[in-house]
Amino acid sequence: MDEVAGAIADPVRRRILVLLRDGRLTAGELAGQFAISRPAVSRHLRVLRESGLVRDELVGRQRFYTLDPEPFTELVAWLAAFVRPSGWEHRFDALETEVYRTRRERRDTAGTSRTSSPSSTSGTTDREEHSA
């Protein structure tokens, strides 16, 4: 987790991760996005590779880089402990609970009234009784 946090501490490396989010890119394509030297971009890519956030693959003479989001999992879980749900999230949870309770009560009430009505127990309706 410390390596991941250190890797994303630099704004250039964060930008590289954002660029790789959409798919694999070559080192040259990545370097073209920055006003820094290619060797500087290569050093950033090395840090990202060593942290496990980026994988590289040599295809012919080109090296392609891809994002590996798996190492973020532990850091995200740790950070989530510091984020409190907003008041709205609590209210929506309460609303959802109330909706399910109301549905259950209606279903239970509907089931009770169907089984206890006189027409359902005798098999005839009021209309049939009057016409007989």
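No value in this document is a laboratory result; all are computed from the given coordinates. These numbers were taken from a predicted model, which means no experiment stands behind them. Virtual Cβ from ideal backbone geometry, glycine too; neighbours counted across all protein chains shown.
Structure above, values below:
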{"quantity": "Extended-chain gain in nm, criterion 0.36 nm per residue less alpha-carbon gap, residue 37 and residue 80", "calculated": "11.9 nm"}
{"quantity": "Linear extension gain, residue 91 paired with residue 110, 0.36 nm per residue minus alpha-carbon span", "calculated": "4.0 nm"}
{"quantity": "Approximate spin-label separation residue 22-residue 46, in nm, with each point projected 7 Å along Cα-to-Cβ", "calculated": "2.9 nm"}
{"quantity": "For the range 1-71, diffusion coefficient by Stokes-Einstein and Kirkwood Rh (Cα), 20 °C, 1.002 mPa s, µm²/s", "calculated": "179 µm²/s"}
{"quantity": "Mean Cβ neighbour count within 10 Å, used as a protection proxy, ranking 52-61, 13-22, 74-83 highest first", "calculated": "13-22, 52-61, 74-83"}
